[in-house]
Amino acid sequence: MKKIAVLTSGGDAPGMNAAVRAVVRKAMYYGIEVYGVYQGYQGLINNNIKKMERGTVGDKIQRGGTFLQSARCPEFKDPEVRKQAIANLNNLGIEGLVVIGGDGSYRGAQRLNEEGIRTIGIPGTIDNDINGTDFTIGFDTALNTIVEAIDKIRDTASSHERTFIVEVMGRDAGDLALWSGLAGGAETVLCPEHRKDVKVIADKIQQGIERGKKHSIIVVAEGVMTGEECGQELKKYINVDTRISVLGHMQRGGSPSGMDRVLASRLGGYAVELLMNDETGLAVGIQNNSLSKTKFEDIFTSVHHLDEKMYELSNELSI
Ligand code: F6P
């Protein structure tokens, strides 16, 4: 393997830059040329591909977002469109591709693999919703961002004796809601994996008030309902002074945490190692703190699960 390329795709996540850096530096260490594909699959189609040097990834490890930029590219599902992308790679003599992104990005990578391009996926998304890995790059940073926000919200909730509903991202997964709710000491967490009646939440808040509680925090995952909808529902059962806080895209930004930088570096290095060993059609991950690889098709056929013990614990601790 003499030449490889790397791209970031789908929603950006803190730590993507650290992963690109690891791919570039590890490959160069072994004398492999690396090309950066700008703007994800869109850039692959438009031939927005540039040779990278050691310095291209200098001063990037601490930066949020992705300097390669990202795009959602539904047209990549079209085989004719992919032919152009493959031709662009072939013209440059690129034999292997590292795709950093989420589920949708892996599907594109799997198709390219079937069509003859050696491909390795690295899990990059704040949602932590990818099979084959315990953690995705960006999750830890987003979690810390949310916890910091919850702490601040708690200050004002306590000053005004209010109930706050904090809406967090995560698409169809409840990991960000569960982990941040647990770390932020929320009274209730609403996850897509455990939909509960808002009446149950109202009852819990009522019981808290009767015990002398002055404020409460409800964390709702966007995959269940919006914070606004949750507030409307809650109003039907309980009369408390309620405010809604939608954290939105700030959850995707910021300098990556140390954990995300280390994870990104390990996975980036491992992806290159696999390509050097002529392996393809695999997603790398971290499982029980060991590097792991999983075939793309196995990633798609199993369902992402929330940590049930942790969910139970969050209920036990928030009485
Ligand atoms: O997948 C990452 C994510 O931030 C999800 O949590 C969220 O649902 C989605 O992307 C938002 O996408 P967009 O930036 O396209 O609005």
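The values are calculated or read from the model by the stated rules, or taken from the named source; none is laboratory data. Every value quoted in this text rests on a predicted model; they were computed, and no experiment measured them. As a convention, Cβ positions derive from the backbone with ideal geometry for all residues, glycine included, and neighbour counts pool all protein chains shown. Just the protein is used for accessible areas: all its heavy atoms, side chains included, with ligands, DNA and RNA removed. Shrake-Rupley method; radii C 1.70, N 1.55, O 1.52, S 1.80 Å.
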Subset of the stretch 1-22 that is aliphatic (A, V, I, L, M) and under 16 Å from the mean Cα position of the chain (by Cα) - its residue that is farthest from GLY101 (Cα to Cα): ALA18
Checking GLU233 against (1) in a helix (DSSP H, G or I); (2) within 24 Å of ASP307 (Cα to Cα), the condition it does not meet: (2)
ARG82, sole failed condition from (1) more than 19 Å from VAL262 (Cα to Cα); (2) of a type in the set (Lys, Arg); (3) more than 16 Å from the ligand (Cβ to nearest atom); (4) open to solvent by 30 Å² or more (accessible area, probe 1.4 Å): (4)
Only one of ASP172, ASP155, ASP151 that is among the acidic types (Asp, Glu), part of a loop (DSSP other than H, G, I, E, B) and open to solvent by 20 Å² or more (accessible area, probe 1.4 Å): ASP172
Which numbered condition ALA173 fails, given (1) within 17 Å of the chain's Cα centre (by Cα); (2) free of Cβ contacts under 8 Å to residues at least 60 places away in the same chain: (2)
Per-region count, the stretch 281-319, residues open to solvent by 80 Å² or more (accessible area, probe 1.4 Å), among the polar types (S, T, N, Q) and under 18 Å from ALA173 (Cβ atoms): 1
Restricting the stretch 115-130 to residues that are open to solvent by 30 Å² or more (accessible area, probe 1.4 Å) and in contact (Cβ under 8 Å) with a residue 40 or more places away in the chain, the residue that is nearest to the ligand (Cβ to nearest atom): ASP129
Residues satisfying the stated conditions in the stretch 214-243, i.e. open to solvent by less than 60 Å² (accessible area, probe 1.4 Å) and either over 30 Å from GLY15 (Cβ atoms) or away from the ligand (no atom under 16 Å from the Cβ) (or both): HIS215, SER216, ILE217, ILE218, CYS230, GLY231, GLU233, LEU234, ILE238, VAL240, THR242
When residues of the stretch 90-112 are limited to those that are β-branched (Val, Ile, Thr) and more than 16 Å from the ligand (Cβ to nearest atom), the one surrounded by the most Cβ atoms within 10 Å (Cβ to Cβ): VAL98
Some residue of the stretch 262-280 being within 16 Å of the ligand (Cβ to nearest atom), open to solvent by 30 Å² or more (accessible area, probe 1.4 Å) and in a helix (DSSP H, G or I): no
So PHE135, is it under 30 Å from ARG266 (Cβ atoms) and open to solvent by 20 Å² or more (accessible area, probe 1.4 Å): yes
Enumeration of residues in the stretch 11-39 that are within 16 Å of the ligand (Cβ to nearest atom) and either hydroxyl-bearing (Ser, Thr, Tyr) or surrounded by fewer than 24 Cβ atoms within 10 Å (Cβ to Cβ) (or both): GLY11, GLN39
